[in-house]
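The values are calculated or read from the model by the stated rules, or taken from the named source; none is laboratory data. Every value quoted in this text rests on a predicted model; they were computed, and no experiment measured them. Neighbour counts are summed over all protein chains in view; Cβ atoms, including those assigned to glycine, are modelled from backbone coordinates with ideal geometry.
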Amino acid sequence: MSPPGLALSPARGTLISMGEAENDPNFAMAKREDAVARREAALIDRLEAAKEILEAADLRDVKADIRDDTSVERDQAADLAAFVHPADGDSYGSDNPNRRHAALDRMHAKDDRASAAVDRHMLTEDPDAGTVETPEG
């Protein structure tokens, strides 16, 4: 770090006054290169964060699909069993608690997919643009 009012000249490797630095093309170029290097490092950090968000969203989608498929199969099996072989004294539809659990699983799977979609959507938004509308409304 240079003392106040002085800067390190890249060409000479010595301290020069800020007035000299403003007129030194090597100093100006080194300053621009430093700014570019900082922007590139920040971009790499943002890309890594975006990659992690996308991987997490993809994993949530896979888990949601599995949960959704399982609950649909369970719901269909319960419906078929109740229709074909109703329990003694039960009427069709008496298995509503089991079917409600399957419906809740499907609802949670849908919520997981919506959260993953919001994460992906957030990656495309300009952080300086203000608030973001979510797919739910």
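Glu52 fails exactly one of the following numbered conditions: (1) free of Cβ contacts under 8 Å to residues at least 60 places away in the same chain; (2) of a type outside the set (Lys, Arg); (3) surrounded by 12 or more Cβ atoms within 10 Å (Cβ to Cβ). What is the number of that condition? Of everything listed in (1) free of Cβ contacts under 8 Å to residues at least 60 places away in the same chain; (2) of a type outside the set (Lys, Arg); (3) surrounded by 12 or more Cβ atoms within 10 Å (Cβ to Cβ), Glu52 misses just condition (3). Annotation note: Cβ proximity below 6 Å between a residue of the stretch 57-74 that is in contact (Cβ under 8 Å) with a residue 60 or more places away in the chain and a residue that is in a helix (DSSP H, G or I) and among the aliphatic types (A, V, I, L, M) (sequence gap 6+ or interchain) occurs for Ala57/Ala116. Within the set Leu59, Leu47, Leu80, the sole residue that is surrounded by 11 or more Cβ atoms within 10 Å (Cβ to Cβ) and either at pLDDT 80 or above or not in a helix (DSSP H, G or I) (or both) turns out to be Leu59.
What residue, among those in the stretch 62-71 that are of a type in the set (A, V, I, L, M) and surrounded by fewer than 15 Cβ atoms within 10 Å (Cβ to Cβ), is nearest to Leu104 (Cα to Cα)? The residue in question is Ile66.
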